[in-house]
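A short write-up of the structure that comes next.
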Amino acid sequence: MASDISDLLTAGARADMISFAGGMPEPDLFPIEAFDRAQRDVFAEPSRGGAALQYTTCAGYRPLRAWIAQRMTAAGCACGPDNIVITSGAQQALSLSAKLFLSKGDTALVTAPTYMGALQAFGACEPRYDELHLDAAPAHNYREHAARAGSQVRLAYIVPDFANPTGRTLSLAVRRKLLALTRELNIPLVEDAAYVDLGTDHSQVPSCAALAAQDYGIEGSHVVYCGTFSKTLAPGFRVGWICARRDVADMVALAKQGEDVHSSTFGQVMLHEVASAGFEDQLKKVRRTYEERRRAMLQALAQTMPPGVTWTRPQGGLFVWVTLPEHMDARRLLVEAHDEARVAFVPGQAFFANGGGRNMLRLSYSMTNPRQIQEGVARLAALIQARL
């Protein structure tokens with residue numbers, strides 16, 4: 001599984017390939033003109049330009065941290081700049097969380113399926129995995145299961161909004177159950193919010209971080225919130241963040257110092273300039289594009305897939321999760337789809353910590369327009385039909 005993400009980034013390189021594999025954002029959505037204006041404005045003043053090229057604090061560029069804290073506060077998670085640590089994308093936020101909370105043999109609770117990048121980040125610490133059930137099984141079940149393996153539960157991980165890979169969103173009731181469960185287990189709940197801004201439903205469910213902060217205050221919260229600008233502004237700057245209570249934020253900053261001292265100052269300055277000048281307008285453009293593609297994907301699946309194939313119906317994000325008939329193998333299907341239909345996707349096995357997903361696959365619509373989606377899904381459906 002170590003090469004799965006890098007493989008996704010190169011999937012679909014052939015001109016005749018329609019790729020539903022990687023979950024990369026559409027480059028036509030990057031606010032290039034806004035970044036161009038920002039860099040010209042910054043470098044027009046030698047003092048600002050010099051600061052953008054200089055070292056910054058390990059926790060990150062304070063104006064950006066303040067902007068993030070203000071936005072999180074507006075979303076219900078009252079916090080300040082000192083609760084924010086800038087990371088090199090949300091992926092580093094996951095890696096640092098693992099370093100802080102996991103040791104070899106410890107138990108991490110993850111859903112089945114879950115984001116493969118989280119499994120890679122946690123895997124460096126050599127934990128064991130137990131399935132986090134969304135019906136919130138009693139805490140003693142998890143404790144006893146870990147104890148039988150000579151382990152202790154140390155961390156839970158969740159993608160609550162338009163999850164990678166399923167596209168599902170957790171209800172308010174499920175979020176509260178997970179918060180209660182992790183609080184009873186006395187473990188951090190790592191909340192991956194990479195897709196939270198890609199929703200089409202304006203009645204957004206409060207984040208786990210917001211719910212915990214409302215109940216206990218940010219300094220009493222056990223949630224470690226991992227955010228990113230990669231899906232909304234541009235992934236190339238590699239700017240994400242952690243929001244957590246102050247002692248956890250300080251530990252994250254200390255751990256980060258040993259890794260890279262700090263994330264790119266220039267990237268942080270650019271992200272702050274562009275975000276503070278027009279983030280909501282950018283979100284409208286991004287949401288409009290992905291909503292069109294989401295609808296095209298769901299429509300194509302409904303029109304072309306044979307009986308026995310089912311799929312999720314996300315309300316946002318970038319992914320649809322498809323379940324094939326039991327006898328089908330998604331990895332074998334991928335080889336055939338690549339060679340015969342010129343279609344790429346991600347087989348489901350990569351998203352299961354303890355095995356599973358043999359007859360499942362993930363489709364991403366982020367990099368394909370509606371015409372390509374219709375054609376690609378029709379090719380895939382015909383291939384599946386021929387193998388039923």
Exercise. Any idea how far apart Glu291 and Arg332 come out in nm if each label point goes 7 Å out from Cα toward Cβ?
Worked result: 4.2
Exercise. What ranking, highest mean first, results for peptides 372-379, 27-34, 75-82 when packing means the other Cβ atoms within 10 Å averaged over each residue?
Worked result: 372-379, 75-82, 27-34
Exercise. For the residue pair Lys284 and Tyr55, what label-to-label distance in nm results when each label sits 7 Å from Cα along the Cα-to-beta-carbon direction?
Worked result: 4.3
Seminar exercise, completed: Between Ser19 and residues 5 or more places away or on another chain, the pairs with built amide H atoms under 5 Å apart involve Ala344
Exercise. Per the Kirkwood definition applied to all pairs of different Cα atoms, how many angstroms is the hydrodynamic radius of the chain?
Worked result: 21.7
Exercise. Can you give the FRET efficiency for Gln204 and Ile32, using 1/(1 + (r/R0)^6), R0 = 25 Å, r = Cβ-Cβ distance, to the nearest 0.05?
Worked result: 0.35
Seminar exercise, completed: On the formula 1/(1 + (r/R0)^6), with r taken between the Cβ atoms of Asp135 and Met251 and R0 of 22 Å, the FRET efficiency rounded to 0.05 is 0.10
Exercise. How large is the helix-only mean residue ellipticity at 222 nm for the chain, computed as the sum of -39500 (n - 2.57) over DSSP H runs with n ≥ 4, divided by its residue count, in deg cm²/dmol to the nearest 500?
Worked result: -14000 deg cm²/dmol
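Kirkwood-based Rg over Rh for the stretch 21-144 (C-alpha set), two decimals?
Details: Rg = 19.7 Å, Rh = 18.3 Å.
Result for the stretch 21-144 is an Rg/Rh of 1.08.
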Seminar exercise, completed: P(r) over all Cα-Cα pairs of the stretch 57-102, 5 Å bins from 0 to the longest distance, whole percent per bin, short to long, reads 5, 22, 23, 24, 19, 7, 0
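When only C-alpha pairs under 8 Å and at least 6 residues apart count, what is the relative contact order of the stretch 188-309, in percent?
On the way: 106 pairs, mean separation 28.3, N = 122.
Rounded, it is 23 percent for the stretch 188-309.
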Problem set entry | Spatial separation of Cα centroids for the stretch 60-135 and the stretch 372-388, in angstrom | 37
For this session: Using amide H atoms built 1.01 Å from N in the peptide plane, name the residues 5+ places from Thr228, or on other chains, whose amide H lies under 5 Å from its own.
Result: Trp241
Exercise. Measuring from the lowest to the highest alpha carbon on each principal axis, how far does the stretch 132-187 reach, largest first, in angstroms?
Worked result: 34, 21, 16
Exercise. Nearest-5 percent of antiparallel DSSP beta bridges in the chain?
Worked result: 55
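Calculate, in nm to one decimal, what Gln385 and Gln214 gain on full extension: separation in residues at 0.36 nm each, minus their alpha carbon distance. Show your work: numbers first, answer last.
Numbers: separation 171, 0.36 × 171 = 61.56 nm, distance 5.03 nm.
Contour length minus the Cα-Cα distance gives 56.5 nm.
Set the Förster distance to 30 Å, then compute FRET efficiency between Val174 and Ala78 from the Cβ-Cβ distance, nearest 0.05. Don't jump to the answer; show the numbers that get you there.
Working: r = 23 Å, r/R0 = 0.77.
Taking R0 as 30 Å, the efficiency between Val174 and Ala78 is 0.85.
Going down the list Lys256/Lys285; Lys99/Lys284; Lys104/Lys256, which pairs span over 31 Å between their C-alpha atoms? Can you show the working numbers first?
Details: Lys256/Lys285 33 Å; Lys99/Lys284 36 Å; Lys104/Lys256 20 Å.
Over 31 Å apart, Cα to Cα: Lys256/Lys285; Lys99/Lys284.
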For this session: Considering Cα pairs under 8 angstrom that are at least six residues apart, work out the relative contact order of the chain and quote it in whole percent.
Result: 24
For this session: Obtain the radius of gyration and the Kirkwood radius of the stretch 340-388 from its C-alpha atoms and give Rg over Rh.
Result: 1.02
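Throughout, read-outs are computed from the coordinates displayed, never taken from laboratory work. None of these values were measured; they are calculated from a predicted model. Every residue, glycine as well, gets a Cβ built from its backbone with ideal geometry; the counts of neighbours run over all protein chains shown.
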